[in-house]
Amino acid sequence: MPTQEGVARGSIGCQLARERLPVASTKIPYISSLPKLRWLLNEAARVGDLAEAARAATLKGERFHSYYAEAAEALKLAERRYGQLVLSAQGNELLQTEPGSAEEAAVFRRVIEASDIIMRVVPTLLDSPGPADAEEIIESLRSAGDTPSMATQRGGGLWRCRTYLLQKPQLTLPNVVASRYDGRTLLRAIEIRNFKSFGTTKGRGTRIKTSRLTILAGPNGAGKSTVLQALNVLGSLVRGNIEQLLDAHKWDYFDLPHLLSANQKMTLGVEVEMGRSVLRWELTLGARRYPGIAAETVHTRNVKDKDEEWRLLLDRKGRNATLIRESTAEHDKYPPLSYPQSWLGTLAKEDAAKYPGLLALKQWAERIRPLWLLDPTLLREPSQASATHVGERGNNLASFLHELKGRDPKHFAAFVKRVRRHYPRLVDVEPKSQDGWKYLAIKERWNREQKSFNAKQVSDGLLRLLAIASIPYWEQRPSIMLLDEIENGLHPRLVGGVAGLLEEISETTQVIATTHSPITLNYVPDSSAILVTRGRSGTVQVTPLTQTVGYERLRAQLEPGELWYNVGEERLVQSTYSRTTS
């Protein structure tokens, strides 16, 4: 067990005692400082491997990973799954605060106050006046059964933790309001009305519930890609305007409305969980004859109180917009303005005090990122541009990997290791630079020999695997990753590798992907799979695999992919009306 001297001075960490102590006492974390614990959580979120994360966080030797892992588990900031450290909602909330900030201190305070053991043994730890000195805490630990030496170590650590947290400035009222949106972020549902292949049924759109990993499966033309496009439209209209969106997709505005609803407005809505709140955002586009944004609303309520009324944050109708200040409930009305993008796009960091929920929603929407049908030609191309992420169709892969290796060799090594888990022949990825151009080379093992290949000689499947595996290492991590036809160009065994990668990535970045391949469903949880089909009238039908006809009986005999392929969506989804997951 590491001693107190083994931890860098001024850092914060915790550990559970391994000595022979009473059961109640062994559950009391030994807290001495916070930054190194935070570093480990950050690295574990990016790398996904506990020992690798410990090395990346410069924790003085691999053996220290268990020290901080136990701390993270004891404070319920993370849990161990299959040998990996997976962040909890509180762990994710912590990493979204600035190191050393009052917001960080507020999160740690809630974490400690939620610890039943600490609050039972030292209930006044964070009170004012609270314990008079460290000796009072030490005596409480002795009474709980700690040995004198262990009580001294733990008591001193808890006292330093108290001092650190109480000396931080108190959060102002706007920051308290803003903290409602700190923590886990999850798209819970999307609703589509009159957009492309999605019409309406009895005046209602189609609502699709989503999870950390959502796989939309179904035949060509069913509407799977339209779901991705709808989410991408929302992100694009925060980052830019309608004209830029249409140009990027080579769309004509007339092609956006549903064929049977050409004279109707199109509405895209999402429900996003953020920390202790839920935000409901609806953006309405005008009919064919009236291109532009016709309306936009944002509402919020407490995530745990389903009976609470939705509170309005943004109300935009035509050229008029009203924003509500959350801390004072004042209404800010703006002069009439024809604005060709989401009103969220006008917000800046300076608006955090007035509109924290709207700003949080904007930052979430800006980070919705797609990978559309990764093009092997673009994946192979050398490039000169600087790249912080891989382009929408696979462009700039060489540039991004070259910069990642130069900027963060440890994360690059973790990236290679992640790919190798799903492609065992891989030895190394070798991005190179010559005359300002970035190239990609791969080293593989064949017949016990190592051979290097340039990107033109590398298989399409491996290149796609590299692009997808790079997502956790992008400079700005996406809030949602949209991937179309993930099995495209892949050997069936490699499809399993991609599915495994997506499940790993979904621990820190929500993933929504489409597939035509029944094989894909065999490699993801049943709860992640949603069948997207067309009813007899041409309406889109959306049905979770677990809610299909006869699912429990059929699943006892067939794998998910076999169930879909052998039984067929016609028998699994029998309703002629659009089904939803609500």
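The values are calculated or read from the model by the stated rules, or taken from the named source; none is laboratory data. What you see is a predicted model; the values in this text were computed from it and never measured. With ideal geometry, Cβ positions are generated from the backbone for all residues, glycine too; neighbour counts draw on all protein chains shown. Ligands, DNA and RNA are excluded from the accessible area calculation, which covers all protein heavy atoms including side chains. Shrake-Rupley method; radii C 1.70, N 1.55, O 1.52, S 1.80 Å.
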Local net charge near K224, Cβ-Cβ under 9 Å (Lys/Arg +1, Asp/Glu -1): -2
Amide hydrogen neighbours beyond the local backbone of S88, cut-off 5 Å, H modeled: A78, E79
Whole-percent carbon and sulfur share, accessible surface of the range 344-485, 1.4 Å: 45
Distance (nanometres) between label positions extended 7 Å along Cα→Cβ at R288 and Y565: 4.1
Alpha-carbon centroids, the range 334-403 and the range 91-113: separation in whole Å: 27
Y334 accessible area, assembled protein chains, probe 1.4 Å, Å²: 80
Karplus-derived HN-Hα couplings along the range 452-460 (A = 6.51, B = -1.76, C = 1.60, θ = phi - 60°), whole Hz, x at Gly and Pro: 9, 10, 7, 4, 5, 9, 8, 5, 4
Number of Lys pairs (Cα under 16 Å; 8 or more positions apart or on different chains) in the range 299-423: 5
Gain in span if fully extended, E330 to E135, counting 0.36 nm per residue against the direct Cα distance: 65.3 nm
Distance between modelled label sites at K304 and S143, nm, 7 Å Cα→Cβ extension: 2.9
Gyration tensor (alpha-carbon) shape descriptor, the range 474-581, a/c threshold 1.5: prolate
The range 477-547: trypsin sites (Lys or Arg not before Pro) in DSSP coil with no more than 13 other Cβ atoms inside 10 Å: R536
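Across every pair of different alpha-carbon atoms, what Kirkwood hydrodynamic radius in Å does the range 85-141 reach? Each step should come with its number before you reach the end.
Numbers: mean 1/r = 0.0783 Å⁻¹.
Result for the range 85-141, one decimal place: 12.8 Å.
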Sequence ranges 219-232, 129-142, ranked by mean other-Cβ count within 10 angstrom, highest first: 219-232, 129-142
Geometric extent, Cα atoms of the range 344-386 - Rg, Dmax (angstrom): 16.9, 47
Relative contact order, percent, the range 279-365 [alpha-carbon distance under 8 Å, six or more residues apart]: 22
Protection proxy ranking of 290-303, 393-406 - average other beta-carbon atoms within 10 Å, highest first: 393-406, 290-303
From phi via Karplus (6.51, -1.76, 1.60), per-residue ³J(HN,Hα) for the range 153-166 in Hz, x at Gly/Pro: 4, 5, x, x, x, 5, 5, 5, 5, 4, 4, 4, 6, 6
Cα centroid separation - the range 428-454 against the range 188-232, whole Å: 40
Relative contact order (%) - criterion: Cα under 8 Å, at least six apart; region: the range 76-156: 16
